[in-house]
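Read through the structure below, which is laid out as structure tokens, and then see the notes.
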């Protein structure tokens, strides 16, 4: 396994044949700092802290981490990276619901690709919301009873 860039360089004059770049790779991607692609989130060059998604797109680890808290889809191709574990947050004053009740519901939302984040809030009126505030459903599967709305 080589730690050299995999990009092909052309001479500036165009007189010499193309050759493989000799600069060292930066981090996990197989290119040097000159040939590294831009992170499409912050528009800066990728480097040592780059992360490759299952779809193959590369971003800065911090950029995609921030993106993933709100949306589990790739910013480039919208490939859905299903969360492996969903964290549940309860509105103040609401008793946490047993995980054996919540887990099947969240698993269904993940499988149906309704859930786009790995954080779900449970509100007093039974609404389930994503971190970005979008309503994704109700604990009982439909709009809350009138006395809770």
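Ranked by Cβ crowding within 10 angstrom, fewest neighbours first, how are 78, 73 ordered? Could the numbers behind the result be given before it?
Values: 78 9, 73 18.
With the fewest neighbours first, 78, 73 line up as 78, 73.
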Quiz prompt | Size-normalised alpha-carbon gyration radius of the stretch 87-138, reference 2.2 N^0.38 Å | solution = 1.03
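Taken together, the values in this text are just the output of simple stated rules run on the coordinates, not laboratory data. Since we're looking at a predicted model, the values are computed, not measured. Neighbour counts are summed over all protein chains in view; Cβ atoms, including those assigned to glycine, are modelled from backbone coordinates with ideal geometry.
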